[in-house]
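What follows is a set of notes on a single structure, which appears directly below.
The values are calculated or read from the model by the stated rules, or taken from the named source; none is laboratory data. Note that the coordinates shown come from a computational prediction; the quantities given were computed from them, not determined experimentally. Glycine also receives a Cβ, built like all others from the backbone with ideal geometry; neighbour counts cover every protein chain displayed.
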Ligand code: FAD
């Protein structure tokens, strides 16, 4: 998109003088090398998943220009990150670290403050520093993607080691973990499966957490806690430091794995399905975070635009979706459960029998034998993901709209039927009101459930974008009123979500702010990330 002639490029932070900015960039060039700094003064290109921009949010929810950076810098080492942080303090420039910037649906590679300098760690900090085949651990830099880690493990012939992947494998293992992302093997809770971090604090001090603080240790990746307060949590979903290394635990191959699929007839069955899943999940008979997907996703996964199936306004009626579904392997249904079982065949068969018997207590449930599915069926993609093999199939549903973009509504509930129905109805009400299709999927963790509602909109249409934004705000408000909060959100909705965690006169946010002001007195690192504003910005009109 050519950029408006009204905008002087690159866009610099509000209140900053251009000569001072130019001086700052000159200084950064001398520190990191001119070839490692790019000004954001060219046309903006939304690209696509594999060629995503690091200049703005590729799935913009507001005007594309609203969330642009001034420049991007590419450090090659922790030492260079330290130089950049010290430089940002000297010139009081906001910086924003990304690992790979594929945080699509949550803000992509954009910073919350327009005109920030993006510290893109993904281009030159790409080393797999260690893979320990005996301990089943690894140590990674921010630029290691799920694909890269998977391929390196295959290359080294470590067939006994699995990684854990989210729906799409192109993201950074470290970036996903510090945003507390999830994947689909039994090691799907990425933060829980990390051990040790190296962090550059906003003043330029470097720390190692857990056993990493003990010189000469060989336990950094095996015991996450070390001695004293457990610091790692404050470097996730925050703006308290730039993580330059992370240790991860790797799952040993359990001796085989196999996917399964079960459909459920009515939309209202949701409550009963969740009641059936909960005990199986807590007992670990269902061992991974599986997905219970609404039938609309089964249709959208065919990769055709919505207009191919339905021309009317509002949500595609359930009746029409079920009609389409009846021509597919899933048949006429409202929900599809994609699960996986692990271990040698004998163990898998035993678990499958228990699961099937439980699922079939829901009237109308239909167990679809794996062998009856065509080889290119989506179940096999989920089976791979649930066995730690990176995939891209999930991108297909973005074709639902022209300029298909999406934003996630990600509330957490207990895996209780009643709660699932409440959240489902809140999402449905707001999607109806805002003329959007809702793509809900229930991801059931051990004792928590994320109802991830993927809202697909047309980013080329200002009305569709405004509706998506309004819908998100409405759902967040209503969910909070019913006692539910989001586990993660888009950058632009962080203030609203953070504001819902308000117990005792916002005591938690005041605690975060004290940490922020202590660690980052100049407020240079990712101001506004997750609703945490440094003193310099606080209550000055930045909050949304
Ligand atoms: P980045 O964008 O690099 O990082 C995410 C954020 O973390 C950054 O914005 C930054 O604020 C912070 N950060 C990154 N690196 C650092 C650092 N070194 N120090 C401090 N802070 C840092 N996500 C899931 O978790 N599970 C899913 O199953 C999933 N499914 C998806 C399906 C689709 C179709 C799409 C489009 C997205 C999905 N996502 C999912 C969201 C997202 O794509 C992934 O979470 C992805 O891994 C995030 O991008 P990234 O790894 O490149 O992280």
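Looking at segment 274-292 only, could you name the residues that are more than 16 Å from the ligand (Cβ to nearest atom) and either outside any helix (DSSP H, G or I) or buried (at least 24 other Cβ atoms within 10 Å of the Cβ) (or both)? Break it down stepwise before answering.
The first filter runs over segment 274-292 and keeps only residues more than 16 Å from the ligand (Cβ to nearest atom), leaving 274-287.
Passing the criteria: 274, 277, 283, 284, 285, 286, 287.
Could you check how many residues of segment 59-83 are within 12 Å of the ligand (Cβ to nearest atom) and not in a loop (DSSP other than H, G, I, E, B)?
Selection size over segment 59-83: 3.
For segment 233-245, how many residues are more than 8 Å from the ligand (Cβ to nearest atom), touching a helix residue (DSSP H, G or I) at 6+ places or on another chain (Cβ under 7 Å) and not in a loop (DSSP other than H, G, I, E, B)?
Qualifying residue count for the region: 1.
Residue under question is residue 336, and the condition is that it be crowded, with 21+ Cβ neighbours inside 10 Å, touching a residue at least 60 places away in the same chain (Cβ under 8 Å) and not in a strand (DSSP E or B); does it hold? Reasoning before the result, please.
Details: crowded, with 21+ Cβ neighbours inside 10 Å: yes; touching a residue at least 60 places away in the same chain (Cβ under 8 Å): yes; not in a strand (DSSP E or B): no.
No, not satisfied.
What number of residues within segment 398-427 are free of Cβ contacts under 8 Å to residues at least 40 places away in the same chain and either crowded, with 18+ Cβ neighbours inside 10 Å or within 15 Å of the ligand (Cβ to nearest atom) (or both)?
As a first pass, look at segment 398-427 and keep what is free of Cβ contacts under 8 Å to residues at least 40 places away in the same chain: 414, 425.
Narrowing the set further to residues that are either crowded, with 18+ Cβ neighbours inside 10 Å or within 15 Å of the ligand (Cβ to nearest atom) (or both) leaves none.
Residues that pass the stated criteria total 0.
Every residue, every condition in (1) more than 22 Å from residue 491 (Cβ to Cβ); (2) free of Cβ contacts under 8 Å to residues at least 60 places away in the same chain; (3) in a loop (DSSP other than H, G, I, E, B), yes or no:
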site	(1), (2), (3)
169	yes, no, yes
175	no, no, no
180	no, no, yes
196	yes, yes, no
199	no, yes, no
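Against the definition (within 30 Å of residue 463 (Cβ to Cβ) and either touching a residue at least 60 places away in the same chain (Cβ under 8 Å) or touching a helix residue (DSSP H, G or I) at 6+ places or on another chain (Cβ under 6 Å) (or both)), how does residue 67 come out, yes or no? Working first, answer last.
Working: within 30 Å of residue 463 (Cβ to Cβ): yes; either touching a residue at least 60 places away in the same chain (Cβ under 8 Å) or touching a helix residue (DSSP H, G or I) at 6+ places or on another chain (Cβ under 6 Å) (or both): yes.
Answer is yes for this residue.
Can you tell me which residue among 459, 470, 529 is surrounded by 18 or more Cβ atoms within 10 Å (Cβ to Cβ), modelled with pLDDT of 95 or more and either within 24 Å of the chain's Cα centre (by Cα) or within 14 Å of the ligand (Cβ to nearest atom) (or both)?
Details: 459 fails: modelled with pLDDT of 95 or more; 470 fails: surrounded by 18 or more Cβ atoms within 10 Å (Cβ to Cβ).
It is 529.
For the subset of segment 352-365 comprising residues that are crowded, with 16+ Cβ neighbours inside 10 Å and touching a helix residue (DSSP H, G or I) at 6+ places or on another chain (Cβ under 9 Å), which member is nearest to residue 326 (Cα to Cα)? Talk me through it step by step, then tell me what you get.
Step one: of segment 352-365, the residues crowded, with 16+ Cβ neighbours inside 10 Å are 352, 355, 358-359, 362, 365.
When the remaining residues are screened for being touching a helix residue (DSSP H, G or I) at 6+ places or on another chain (Cβ under 9 Å), the result is 355, 358-359, 362, 365.
Values: 355: 24, 358: 24, 359: 20, 362: 19, 365: 14 Å.
Ranking the candidates gives 365 first.
Could you list, in sequence order, all residues of segment 378-396 that are crowded, with 22+ Cβ neighbours inside 10 Å and near the ligand (Cβ under 10 Å from one of its atoms)?
385
Which numbered condition trips up residue 222, out of (1) in contact with a strand residue (DSSP E or B) (Cβ under 7 Å, 6 or more places away or on another chain); (2) part of a loop (DSSP other than H, G, I, E, B); (3) buried (at least 22 other Cβ atoms within 10 Å of the Cβ)?
So residue 222 meets the others, but not (3).
Can you name the number of the only condition in (1) under 11 Å from residue 400 (Cβ atoms); (2) over 25 Å from the mean Cα position of the chain (by Cα); (3) surrounded by fewer than 15 Cβ atoms within 10 Å (Cβ to Cβ) that residue 304 fails?
(2)
Please go through segment 47-72 and pick out each residue that is closer than 13 Å to residue 101 by Cβ and surrounded by 14 or more Cβ atoms within 10 Å (Cβ to Cβ).
The answer is 49, 52, 53, 54, 55, 56, 57, 58, 59, 67, 69, 72.
Mind checking which residues of segment 168-183 are more than 7 Å from the ligand (Cβ to nearest atom) and more than 10 Å from the chain's Cα centre (by Cα)?
Those that are more than 7 Å from the ligand (Cβ to nearest atom) and more than 10 Å from the chain's Cα centre (by Cα): 169, 170, 173.
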